[in-house]
Amino acid sequence: DDAVLVEVANGVATITLNRPDALNTINADLSRGLMDALHRVRDDESIRVGLITGAGRAFCAGADLRSRSDGPAASSGPAELFPTNPSEGFATFDAKKPLIAAVNGHCLGGGFEIALACDMRIASTLATFGLPEISLGFMPLAGAPQRLPRAIPQAAAMEMLFSGDRIDAETARQYGLVSRVVPPEDL
């Protein structure tokens, strides 16, 4: 029942966001599990690279809005990717090793920001990318306003940031956001 699974083989730590029924949305458990996994990648000398992926039909669909609506006891603030101490958050964490996002479905909001923080992104043909929180009145707070314009053409980045529109895997490849698009079974 772990929100994040970690398997290490041949120097590769595969980090799986494991809340498939909730599209791997970020709650306190997933946030803590992801940070624990990234600390392990950074600190374990036998690990050479970290690969982040999601279980089920999503990479990560962003913050778990259901847990946020349950009140302060359920969530500490605007998603658990944004802790009170920013030096401990994903947006500023340095794994000191390459991180690869293997995007297998919805990659939205904070999930997109996780992928943007990785050194390389590979997508399945089913992947979609976007920052829909802007249409709900929230600003992306885990690095997208800084990272997205550095990763893709500025005009495309600004359109995504201001509109909340999504792009598909092939468009992401054309923009240079992902290096490869592969069939889901090859991801």
Subset of the stretch 17-51, residues surrounded by fewer than 21 Cβ atoms within 10 Å (Cβ to Cβ) and β-branched (Val, Ile, Thr), comes to Ile47, Val49
From the option list Gly89, Gly137, Gly111, single residue qualifying as open to solvent by less than 40 Å² (accessible area, probe 1.4 Å) and either modelled with pLDDT of 95 or more or over 22 Å from Ser179 (Cα atoms) (or both) is Gly89
* Asked: Within the stretch 119-132, is there a residue that is in contact with a Leu (Cβ under 9 Å, 6 or more places away or on another chain), open to solvent by 30 Å² or more (accessible area, probe 1.4 Å) and modelled with pLDDT under 85?
  -> yes
Per the filter on the stretch 109-125, residues free of Cβ contacts under 8 Å to residues at least 40 places away in the same chain and part of a helix (DSSP H, G or I) are Glu113, Leu116, Ala117
message = Just checking, does the stretch 53-71 include any residue being farther than 20 Å from Asn104 by Cα, open to solvent by less than 50 Å² (accessible area, probe 1.4 Å) and either part of a loop (DSSP other than H, G, I, E, B) or modelled with pLDDT under 95 (or both)?
response = yes
Residue count, the stretch 1-52, condition farther than 26 Å from Leu126 by Cβ and in a loop (DSSP other than H, G, I, E, B), comes to 7
Matching residues in the stretch 176-187 (assigned to a helix (DSSP H, G or I) and open to solvent by less than 80 Å² (accessible area, probe 1.4 Å)) number 1
Within the stretch 96-108, the residues that are in a strand (DSSP E or B) and under 15 Å from Ser179 (Cβ atoms) are Leu99, Ile100, Ala101, Ala102, Val103, Cys107
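The values are calculated or read from the model by the stated rules, or taken from the named source; none is laboratory data. Small disclaimer: the values here were computed from a predicted structure and weren't measured. Reconstructed Cβ throughout: ideal geometry from the backbone, glycine too, with neighbour counts over all protein chains shown. Side chains included, ligands, DNA and RNA excluded: accessible areas come from the protein's heavy atoms. Shrake-Rupley method; radii C 1.70, N 1.55, O 1.52, S 1.80 Å.
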